Structure formats: structure tokens, C-alpha cells
Amino acid sequence: MHRLVKKAKRGNKRALVKLINEERDAFYRLAFSYMKNEQDAMDALENMIVQVYQHIDQLRQEELFYSWSKTILVNECKRELKKSSREILVESFDTPPFKHMHSKNEIDHADQQMEIERLLSKISRPQADAIRLKYFHDLDLATIADIEHVPVGTVKSRISTGLKKLRSLEGGEKHG
Amino acid sequence: MDKIEQLLEEGKEIYQKQKAPRDTEFRLTRKLNEIPTRKNRKRMFQLASVIAVLFLSFVLIQYPALAYFGKKIVGFDEVVTNTIADLQDQGLGQPIGETYTFSDGYVLTINGILSDENQTQIYYTLEKEDGSKLDNEWYEVFMPQDIKGFFTNNYIKSVVSDINADETVVKGAMVTEQPNPFAKKLTLTFDEETFNGNWNSHEVTFPYDANKALATSFKSNINKEIEVSRGTITFEGMIATPSSTVISGSADVRNLSRVENPFQGVHLLADGEKLDILSMGTSTGIFGQSFELKFDALPESAENITLSVESFVGYKELNQQVALPNRFPEEFTLDGHQLKLLSIEETEEYIEMRIQTEEDVLLEDVTLKGKEEVELVTTVRQTYEETSDGIMKDRTLQFPKVSSLESMHIGGVHYRKSYNKVIEVLK
């Protein structure tokens, strides 16, 4: 990985594509969890790779490549969501050669609509985001702090307060 | 583990099942190719100072137009267009014949280069020294990266290759940008992925002769605009070379990406005959979306050249209320577009409505009205079906649950709209 990051830093596009491609499912899931459809998730991924390519010389520690680029991806998603909140987009479409495969993925995803997502929708947005990033996307606290532009301590308290609320919601629903 | 931890664990498992689309690598590569290759700052400075000197001498250089050379580039008909095969037949381009042996007895031959302002193709052959069958992963043995030379640092944009029936010889064409006319030597860098997963980088240097590049037939400013439903397409210019014709321009269209390949309904005609489309690309820059459409070369005899926008992405505001039926399927018409309601079902989480429309129809601002009005959550299970009416798109819209369901509201519809507008490029 270090060698590829070094190559990418020297401007080698192929090396950068290879780096991202090796973790493409993780990148895609992260983008999908914000954008909610394949088309927009892929647009975000495309915008991310351009940003990463243009700013990779600012990355000092090569081992942080993946968490750094995921931060950029989430920023791209948030920027896009802000932009499109003016326009209500209701449908998404697939790219033709692979459409059948894609829709299969979306079936898997949709058919098992998660109990946890229903609960997460009931707590505050920053708390839910932090919990998703930690538990679903395996990001460490420092990366989440970078993504959310807040100190690590704030991330910690968002997660613990969020979890506490989830527990009370879950318990409360069971009894009520 | 408490209940919440268990739910989080389940949630993660479901997320983990999601896979990135198979064309992810292709899309990322294509996107990166739209932006210039990053260069070392120090080198840029050197470049700037040398360019100033060189400008003076530029005017002295002349390309001999379509000169004939004894040797020919042969054997690449499978990987090039008929037009380029004809040019090679006429002996155009620069034959090379540089060979490079590497790894496990692989031999790479750079056979030739055909270059002009619109595109540069480098032809190569990959085979084993002893003529034996190539390994299954032969395409991982040769992954071309870039072409470097005097003031030249061009990324390989795409590769078309073909393996013979015996699986002993691969012939291919790499597409890149035109090298600097002062370059005398070019160096191709390629990566090899070895079978134990390691990576080797190789370099092959071969001579380049700018005199054998093809001259541009002509350039023309178009600068004409076409109004579409949600914006304007501006056709800016045309560059015609013996190998291809490139039309460039920009699009300021709000719903550009709401149909696939919005430019597929744009054609270039020479004396009324449509030219084959070779590629179309859009990129997002500071000045909005720019596009580049590459067509086959213009016939030499062409007198009248026109661009025709037969169709492009369109939008129609509807604000149409549709009463929900009791029986299915039920058909409705949305401004001339058929909408088939296949079913409405209530699942544990959602109200699911299955609909079918033409392939290129996309609904916007859809809500369901019952006791209250609910907005669409997401679209799932999209499939395509070929019917006598063309390709139909089937999908399921999910809405939050609402009681006493009555009607559906549709704000508008994106679709591939006929415009049939014509621009005269050359008369």
C-alpha cells in the first residue's frame, strides 16, 4: 500500500485507482449510506477521486490514506446533499451493462430494512451519523472527528449519548 | 451483548453485503482521465521558462501533409476503426518495431504510432518468446500507464486489444494524447502484476517522428446554442483530422444526468449521411459541464456538414394527481408517456408501489396522499424488459406507511425528448 500511495503522490493515476479499487466496497457503502442510491453514490466516489488526486501531496502519513480519503468522500456526499436539497430527486437509475447485478444489490439491501435504522432515525442526526460511521463503517474516532469537524471528545459523547438513547427507545418500545 | 449491540452488529452485516458496482474501477479511471496529470511544481517552473524560448521556433515547423513511407503498420484491423485501417493501408503513421523482453518470457513489440490532433494510437503486440500459449491473466502482464518524452507526459486513456484464436498473440491499440512535436524519443511505462501479486514497473523507449503525424484537415468554430427544457447546450468547435472528428462544447443543463448518455441523440452529418460515433464524454469543470463527442473522419468529398440534435434530456412539469385504482395493472398517461401501475402492497415497513415506464422516463417529486401526504423514500428492484414497445423499466417505489390511501401526485417527468434541431457547421 505504501508503494502505491507514494506512486499516487507522484501523480500516478493508475496507482490511485488501484488503491481505491482495493477498498471499493467500503467506499461505496460509505457513500451509499449518505446518498441512498447508486447513481449519486457513484458520483460522489468520482468526485472524491478527483479531490484525492489533486490534494494527495498534502497527505503526510501514508498509512492514513484510507481514513483521509474517506473523510473526503463524506465531505463530497454532504456537499452534494446540501446542493440537491433544493431539488427533490425521487428516482435513481442504473448504468445499463451491469444493471441487473445492481438491482440485485439494492434488493438485498432493501428487503432487510433494518430495525436499527428505524431506531437511529429517532435520535439526533449527529449522534446517528457518528454511530453509523463507527459501527457500520468501522472508522476510528479520530477519522470520525475529522469527518464531522469536531474534537474527538465530542464524537465520544455523541456515540455514548446516542447509544444510551437507543437503549431507552428500544426498552421503552418493548414495554409500551 | 445487549439488544442494541446486537442490532448494530446485524446492521453492519447487512451493510457488508452491499457491493460496489462492477464498473467502479472503469468509472474512477475515466473520471481521473478527465483531469490533467499532476506534475511536480519544480518541473512546472522549468517548463514555463523553456516554453517562452520555444514559441519562437514553432512557426518554422511544418508537418509534411500525408507523406508516404515505405513501411506500413499492419495487422491491427481488429482493434481500430475502418477509417484508421484505411490510413494504415495507405502507409500513413510511423512504423516502429521496438521489442522488449520481460518477466516470464513475454515479448512486447511497439509496432507503430498513428498520431493527430484528435487522438494518438500506439499499436503493440504481446506474445511469448517461444510462441506458446499466453497465461490466463495475460491482461495483467501489460498494464500501460503513460508516455513520457520531451515536454510530453500523457496518460494512457484506453486500450483496445484482441487475442488470436490460438491464444498466443495479443494485438492492441493504446489511446493517448499527441506527443510534443519536438519529442524524438518516447518512453512507455507499464506495470506488470506478477502471479504472486507483486508489481513490477517497466519502461520501453522508442523513436518518435513528428513528421509522420497526420495533419489536421481543418478546424471550425461553431459557437451555436440550442435551448433544451432545462438549459442550453453550446456547440463550440470542431477539429477534423484524417482519423476522426471531434466536436466540443459545454452544457448548462440542470437535469443533464437524468437520462443515460444524454448525447446519444446528437449526430454529425456529412452531406446528409450520419457519421459513426466513436466516443462521447462529459466532464465537470469550473465552467460547468463540458463535453467532447468524437465521430468518424469526415469523407474527403464532404461539402455540407451539419450537427443534428434529434433528442436530448427533457423535462415536463406535470403536477398531476392520479387516483389510485383497486385493480391492477392500470395504465395512465403522463403527457404522452405511459405509466403502468403494477401493484401496491403494504410491507412491514413501507407502502410499495411497482410501476413501469419507458426506459428513459424518470418521475420527479412523487408523493402519496392518504390521511396525510408522504414523500418517496427510495426506489428499489429496478429491472428492464424488452417489449414490442421498446425497453421498459420496472421498479418499486417505497413510501412511508399512511392510512386511507387515495391518490398519487407526480410533480414532473424527465425523459428523452425529441428536439430535431439542426446546426449548419460548414456549407
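The values are calculated or read from the model by the stated rules, or taken from the named source; none is laboratory data. This one's a predicted model, so the numbers in the text were calculated from it and none came from an experiment. Positions of Cβ are backbone-derived with ideal geometry, glycine not excepted, and every protein chain shown enters the neighbour counts. These area figures cover heavy atoms from the full protein model, side chains too; ligands, DNA and RNA do not enter into them. Shrake-Rupley method; radii C 1.70, N 1.55, O 1.52, S 1.80 Å.
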Alpha carbons only, please: Rg and Dmax for the stretch A:1-89, in angstrom. 13.3, 43
Which one of B:399, B:376, A:59 has its Cα pushed farthest toward the positive end of the charge dipole of the protein assembly as shown, where Lys and Arg give +1 and Asp and Glu give -1 at the Cβ? A:59
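Across peptide A:17-24, what mean number of C-beta atoms from other chains lies inside 10 Å of a residue's C-beta?
Per-residue shielding by partner chains comes out at 5.
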Accessible-area loss of at least 10 Å² (1.4 Å probe, chain alone to full protein assembly) applies in the stretch B:254-276 to B:254, B:257, B:258, B:260
In Å, what is the Rg of the alpha-carbon atoms in the stretch B:248-391, and how long is Dmax? 20.5, 69
For peptide B:384-397, compute the average count of partner chain beta-carbon atoms within 10 Å of each residue's beta-carbon. 2
Between residue B:89 and residue B:340, the two model label points (7 Å from Cα along the beta-carbon direction) sit apart by a distance in nm of 4.7
Convex hull projection area averaged over all views, the stretch B:282-349, Cα basis, nm²: 10.8
Relative contact order for the stretch B:317-414: what percent, with Cα pairs under 8 Å and sequence separation of 6 or more? 35
If every Lys and Arg gets +1 and every Asp and Glu gets -1 at its Cβ, then about the Cα centre chain B yields a dipole, in debye to the nearest 20, of 1720
Where in the stretch B:392-427 is the amide nitrogen less than 20 Å from a point lying 7 Å along the Cα-to-Cβ axis of residue B:306? B:417-427
Here the convex hull volume per residue of the protein assembly as shown, taken over Cα atoms and given in Å³, is 188
A correct Karplus calculation of ³J(HN,Hα) over the stretch A:151-168, with 6.51 cos²θ - 1.76 cosθ + 1.60, θ = phi - 60°, whole Hz and x for Gly and Pro, returns x, 4, x, 5, 4, 4, 6, 4, 5, 6, 5, x, 4, 4, 5, 4, 5, 6
So what is the relative contact order of the stretch B:215-261, in percent, for Cα pairs below 8 Å that sit 6 or more residues apart? 34
Rounded to the nearest whole number, the per residue volume of the convex hull around the C-alpha atoms of the stretch A:110-176 in Å³ is 85
Residue of B:344, B:73, B:14 that the Gaussian network model of chain B assigns the largest fluctuation, springs spanning Cα pairs under 10 Å: B:14
Taking a crude spin-label model, label points 7 Å out from Cα along the C-beta direction, the residue B:274 to residue B:333 distance in nm is 2.7
Pseudo-spin-label distance residue B:130 to residue A:170, built 7 Å along Cα→Cβ, given in nm, is 6.3
Sequence gap at least 6, Cα distance under 8 Å: using those rules, report the relative contact order of chain B to the nearest whole percent. 11
Let me test this: with uniform point scatterers at the alpha carbons of chain B, what is the Debye-based log₁₀ I(q)/I(0) at q = 0.06, 0.10 1/Å? -0.38, -0.92
Environment charge of residue A:126, counting only residues whose C-beta is closer than 10 Å and scoring Lys/Arg +1, Asp/Glu -1: 0
With the cut-off at 24 Å, tell me which of the pairs A:82/B:340; A:18/B:19; A:7/A:134; B:294/B:393; A:36/B:393 have Cα atoms farther apart than that. A:82/B:340; A:7/A:134; B:294/B:393
Within chain B, which is the longest segment containing none of the chymotrypsin sites (Phe, Trp or Tyr not before Pro) that sit in a DSSP loop and have at most 10 other Cβ atoms within 10 Å? B:69-286
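Note the full-extension length gain between residue B:13 and residue B:162 as 0.36 nm times their separation in residues minus their Cα-Cα distance, in nm to one decimal. Display every interim value, and only then the final one.
Details: separation 149, 0.36 × 149 = 53.64 nm, distance 4.09 nm.
Contour length minus Cα-Cα distance gives 49.6 nm.
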Ignoring everything except DSSP H segments at least 4 long, calculate the 222 nm mean residue ellipticity for the protein assembly as shown; use -39,500 (n - 2.57) per segment, divide by total residues, nearest 500. -9500 deg cm²/dmol
